Amino acid sequence: MSRCTTMPRFAGFTIAGALAALALFGMAAVRADDSAFTSKAGLDAQSGSAIYGNICQGCHMPQGQGAVGAGHYPALAGDPKLISWEYAALTVLGGRNGMPSFALPPNQADETRAVHLSDAQIAEVVNYVRQHFGNHYKQRITADQVAALPHPAPEPAP
Amino acid sequence: MEFDSTSSGVSRRSLLRMIGTVAGSATMYQAMSSLGFAADSPYQGPIDLKGAPRGSSVLVLGAGVAGMTAAIELRDAGYQVQVLEYNSRAGGRNWTLRGGDRYTELGGLTQECRFDKDLYINPGPWRIPYHHRGILSYAKRLGVPLEPFFQVNYNAYLHSSKAFGGKPQRFREIKADYQGHVAELLAKATRQNELDAAVSTEDREKLLESLRHWGALDKDLRYTANDAVSARRGWKKKPSGGLSARPIPSEPMGLEHILSSGLWEGVSAGDEYDMQTSLFQPVGGMGRIGEAFGRELASLIRYNAKVVDIHQDEKQVTVTYEDSQSPGAMQKATADWCVCTIPLPILAQIPLKVGTPLASAIAAVPYASAVKVGLQFKRRFWEEDEHIYGGITYTDLPITNIGYPNTGYFRGGKGVLLGAYIWGLNAMEFTSMAPEERIAKALEYGSQIHPQYPTEFDNGMAVAWHRSPFTMGCFGMWSTASRAAHYDDLCRFDNRIVLAGEHASFLGGWQEGGVTSALDAIGRLHERAVAQGEKA
């Protein structure tokens, strides 16, 4: 885990190659949106399901069920707090209890290898989470509504 | 002579900037990693804690490197020490996976390690710079043998999927050609008097001589195919003995190819202070250090203890924990003081009786996303076919690294590579996959560098640190802003509780950060305890 020097990353991915590799394990399918490997700190994927499947489910798990170890990742399935879209969007914007912010200004994002999502992407993933995993909140939010919420402040000049 | 900023000639900095500009990037002399704090370890030898008040007790939370450093020293100083550890083993992120091990990640997916005897992967730390004197001193004290870790291997590869037709290039060729061409350009500029404003006449010849030496330039200050250049970058036909002995020089590649490939970025991989020769690894895997600590402290560590509440009052600290072998069974431990090394994402969720400054600091540090994949192959083809013995190949693919085992050379039989060491967004993407899918991806990408992968692959292990039940992330990621706002608060005592760990250091992600933060914390603990005097 010691820090490594890394080189710029580029997508070098082919579906055919993935299928061949996966065949080694007899696995039936690749993930739905497998083309999301990107070179940048920003995720190209725009749909809520792709954003969830490539980022969020790493911790919140594929069915939004969360997980428990020495600590826990909150389940999103049936989470009553999701009644508030503001709560959900603010959590993605600012982070919460160890969950990183996904809206850091670029200089801070670079420093912490954080991932930056646009307001539109945040709206999409919030909508996705609030309408899946047993959640049925009908109201869809827009990028403008996310934009109106407080975002992490840019770092003051030294 | 030396160039320095006070001389009337060129300043060293402006000279370097000029080289950078000539070569296409002014950034190449900066640290390659945006995160590289090349801070030296302040470790100055064993800590001296004389005069511990009789009967004083300390509860240490976490049996990782920081917690066990604190525990050993406090025990030796006469404190009554108890350690609570969530895992059923000692070491924390100091951890090695070997054949027969099982690992269940958050979400419940279990991997069984099927590596052959003596083969392993270190999911966490894997190298120790020579100047990390703290962790090295504990390895020595605990009788853990060390061996060299190779950061730089001139025969390993630099690889860009977008350059040289995707074909990996040998480090020595890129380095020699890059250096040689830059030296030639700078020599040309010097001879055309373009540096006259910056370099004195007296220094001019010395600069040219040094460039000839540095870049392996010929007498006309050109970088071109000849014996001297091949002695650096390798030969078309190597010198040998007998009638077929005569060498044939190799042909350098053009500067434009190197510049456009971006591979020059990998040339300075071993130039950072943290990566400079010598580096070490424990024989048998990094986990040997944690295991040795664990043996030393066997009678003091309570395993399978999940901390659920940390309380303090004027008299003592009380920690409530659950025996994870019998869920629901709550127990309490008390002590005068508490050294808490629980990783911050977990600590942020535990009810903790501390003031706002510390609580805010704990919640302010997200943990890095990182993934490591270990791949066992049926034979050591990187040695047998490609003559790569240890070291690292760097690639622009999401796997970023291929780490070759720095041990067991020429042994025959199977071998285990570090097949991926992934960060940032790509790490989140890999974390989102099931372990076998991560392994498949590492194989797919790695095959672009080593085409032997598909036929030689045997089995693998994939550890995504955000799925680690005992850390929920790889290590604390401070920004300049969050450090300014919270770092001191994180390290300060809150009455009877003090934090330690790599997150409470400027050596983030390094074991030395854990060691030095623990020593700093217990030094302050000892002062407080002594000031408070003996217990009634």
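Readers should treat all values here as calculations from the given coordinates under stated rules, not as data from a laboratory. Quick caveat: nothing in here was measured; it's all calculated off a predicted structure. We place every Cβ from the backbone using ideal geometry, glycine too, and count neighbours over all the protein chains shown.
Taking a ≥ b ≥ c as the square roots of the eigenvalues of the Cα gyration tensor, region B:170-268 is classed as oblate, since a/c reaches at least 1.5 and a/b does not exceed b/c. Annotation: the protein assembly as shown has a Kirkwood hydrodynamic radius of 27.1 angstrom, from the mean reciprocal C-alpha pair distance. For trypsin sites (Lys or Arg not before Pro), the sites in region A:43-152 that DSSP calls loop and that have at most 15 other Cβ atoms within 10 Å are A:LYS138, A:ARG140. Under the combined filter of DSSP loop state and at most 14 neighbouring Cβ atoms within 10 Å, region B:304-340 retains these trypsin sites (Lys or Arg not before Pro): B:LYS315. Magnitude of the charge dipole for region A:75-151, about its Cα centre and with charges confined to Cβ atoms of Lys, Arg (+1) and Asp, Glu (-1), is about 280 debye. In terms of the mean number of neighbouring beta-carbon atoms within 10 Å, the peptides B:254-262, B:437-445, B:195-203 order highest first as B:437-445, B:254-262, B:195-203.
The residue list A:THR112, A:LEU149, A:PRO74 was ranked by how far each Cα lies along the charge dipole of region A:72-158 toward its positive end, using unit charges on Cβ atoms, and A:PRO74 comes out on top. Please give the helix B:65-77 orientation as an angle from the longest Cα principal axis of chain B, in degrees from 0 to 90, rounded to the nearest 10. In chain B, helix B:65-77 runs at an angle near 50 degrees to the longest axis. If you plug the beta carbon distance of A:HIS132 and B:ALA189 into 1/(1 + (r/R0)^6) with R0 = 60 Å, you get a FRET efficiency near 0.45. Taking Cα centre as origin and charging only the Cβ of basic (Lys, Arg, +1) and acidic (Asp, Glu, -1) residues, the dipole magnitude of region B:170-268 rounds to 640 debye.
Placing a pseudo-label 7 Å from each Cα along the Cα-to-Cβ vector at A:SER84 and B:ALA231 gives an inter-label distance of 7.3 nm. Shape class of region A:47-147 from the alpha-carbon gyration tensor: oblate, with a/c at 1.5 or above and b/c at least as large as a/b.
Per residue of peptide B:264-276, the mean number of Cβ atoms on other chains within 10 Å of the residue Cβ is 2.
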